[in-house]
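Inspection log for the structure reproduced underneath, given as structure tokens.
The values are calculated or read from the model by the stated rules, or taken from the named source; none is laboratory data. Treat the numbers as computed from the prediction; the structure is a model and nothing was measured. Cβ placement follows ideal geometry from the backbone for every residue including glycine, while neighbour counts extend to all protein chains displayed. For the accessible areas, the whole protein counts, side chains as well, though only heavy atoms, and no ligand, DNA or RNA atoms are used. Shrake-Rupley method; radii C 1.70, N 1.55, O 1.52, S 1.80 Å.
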Amino acid sequence: MSEFNLSHGIEPEFEQARDEIIKSLTESTVFEKNPDLKKCIPVIVEPERVISFRVTWEDDQGNCRVNRGYRVQFNSAIGPYKGGLRFHPSVNLSILKFLGFEQIFKNALTGLPIGGGKGGSDFDPHGKSDNEIRRFCQAFMTELHRHIGADIDVPAGDIGVGGREVGFLYGAYKRLQQKRDFGVLTGKDTRFGLNGSFIRPEATGYGLIYFVQNMLTYLNKDIKGKYCAVSGSGNVAQFAAQKLINLGAVVLSLSDSRGALIVKDPSKPFTNEDIAVIADLKVRKGSLEEIKDDRFTWLPGERPWKHLPKVDIALPCATQNENDANDVEALVKAGCFLIAEGSNMGSTDAAVQKMEALRVAYNESVKSGNPVAPLWYAPGKASNAGGVAVSALEMAQNSQRMTWAPERVDQELNNIMTNIFNESVDNSATYTHEDLGSVVKSSAQKTDATVSALPSLVQGANITGFLKVANAMKIHGDWW
């Protein structure tokens, strides 16, 4: 990577995301087959525009409060900037650049015409009244409205920004712009003619499970009865758990920033009723430690990965770098064979390297005729792309001045996640240096009798997204 003369040690989260993409490309045959694409790297890793601004707002005591607001408009090669707004005290430019950079390739993977961006503020909504959150959202939009629009930049929700906040933001935008530009924000309410999309709240969690189902099909396995460890308890985790329960899987855990809630007996797992209780709890910014149920054990300050004796599937759905190499080791000892991220960059670089090494070891065992237990990893830019996919479908509905039926949106989501999986498998097989032997391109070509090596979904997703964006940039004259 030194040949690209890139900075290190300044913005750690962004540099981790950037270096993962470059590693996937340099360790594949992409640059051997397309040497000109190397020229794109110094261009694609720089945002087209970074907007930073102060946000002054009034708390309930009449005090003037100040936060920092940001919007990183990273890449618009294949469509308007698209990505969420995060309100959390950890927000800084490095985190937003990492999220915006990941968003470029995630959005490209969906096959929909959307570019990549991200924004937010270091504002902490926890402990704030509804009135304080409303006043903050209105103050935030006082500056942001100058830089967004349905064909320019379309924000959505993220951590700390749900349907309530999107409503406040859109109301402020409408007043400031003096027009109803329905497509300027996604994640809007579906009630009262507010032009949201059905399945948008569920989309990231549901899409994650649809992606996992494709992985399981490739492995000749079924999701029913599988023991699933889930982290997080926000929107993604809740709907991922709900979909797992409805498909007959066993949900063993959820977590939040204060600790992990795990089942004592897998025969008494989380139910849809439990998920509904947790959803209500999270709306009022409560913690899972408030749940008093003899079926569960509360582990303060812990993540669930090291505390479950048997796991088949692990789904990090909380935040970045929540799954480290030691967690991977513990999960493998518990029998885990599949890890798919519902969070963005949910695994540390060391964890990714360990998971990829275990995948390679499995492939070698397949070639020798004595397959060992596999471990297959799906990165968030592929497996959690369902949320932004349905956001783009919401944009399409807004352009048509129509609302699609939930069944149509859900089927479109399922199709998009299947296409992402198949393209990632195909491009990994096409551009890898590995001898995959009996690898079969795309799950559509699999048969029950096929025993296949496992392609790298990390490499496949990164290559697929990069090729789409880099070639579009060249056509536009962004590099030459």
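Worth pointing out:
- Theoretical gain in end-to-end length, R180 to S399 [0.36 nm per residue, Cα-Cα removed]: 77.6 nm
- Given charges at Cβ of Lys, Arg, Asp, Glu: the chain dipole, positive-most of A77, V360, G100: A77
- At 1.567 mPa s and 4 °C, Stokes D of segment 202-378 from Kirkwood alpha-carbon radius, µm² per second: 80 µm²/s
- Point-charge dipole on Cβ atoms (K/R +1, D/E -1) for segment 202-378, about Cα centre, debye to 20: 280 debye
- Using heavy atoms of the protein chains and a probe of 1.4 Å, the accessible area assigned to V43 is about 50 Å².
- Centre separation in Å (Cα based) which lies between segment 365-422 and segment 287-310: 29 Å
- By the Kirkwood approach, averaging reciprocal distances over each pair of separate Cα atoms, segment 310-405 gets a hydrodynamic radius of 14.9 Å.
- For segment 240-324, the relative contact order comes to 33 percent (Cα pairs under 8 Å, sequence separation of at least 6).
- Share, in percent, of DSSP beta bridges within segment 202-378 that are antiparallel, nearest 5: 45 percent
- Protein heavy-atom surface of segment 202-378, 1.4 angstrom probe: 50% of the accessible area is carbon and sulfur, with nucleic acids and ligands not counted.
- Rounded if a/c under 1.5, otherwise prolate or oblate - segment 1-138, Cα gyration tensor axes: prolate
- Note on the chain: with charges restricted to the Cβ of Lys and Arg (+1) and Asp and Glu (-1), its dipole about the Cα centre is near 940 debye.
- Computed from the C-beta positions of N272 and R164, the FRET efficiency with R₀ = 35 Å rounds to 0.90.
- Cα gyration tensor, segment 171-301 - rounded (a/c under 1.5), prolate or oblate: oblate
- The length gained by stretching the chain between D222 and N131 to full extension, at 0.36 nm per residue less their Cα-Cα distance, is 28.0 nm.
- Classification of the chain by its C-alpha gyration tensor yields an oblate form. The axis ratio a/c (a ≥ b ≥ c) is 1.5 or more, and b/c is at least a/b.
- Cβ-defined net charge surrounding Q397, 12 Å radius [Lys, Arg +1; Asp, Glu -1]: +2
- Projecting label points 7 angstrom from Cα along Cα→Cβ for F4 and D151 puts them 3.3 nm apart.
- Looking at the chain alone, DSSP beta bridges between its own residues are antiparallel in about 60 percent of cases.
- Note on R49 and D293: their simple-model spin labels are 4.7 nm apart, each label 7 Å out from Cα toward Cβ.
- Extension gain, K38 back to W480 (0.36 nm per residue minus Cα-Cα distance, nm): 158.1 nm
- By the rule of a C-alpha distance below 24 Å, with chain neighbours fewer than 8 residues away ignored, the lysines paired with K367 are K221, K333, K354, K441, K446.
- Under-5 Å amide H pairs with A249, H placed in peptide plane, nonlocal only: G225
- For segment 290-334, the average shadow cast by the Cα convex hull is 3.9 nm², which is a quarter of the hull's surface.
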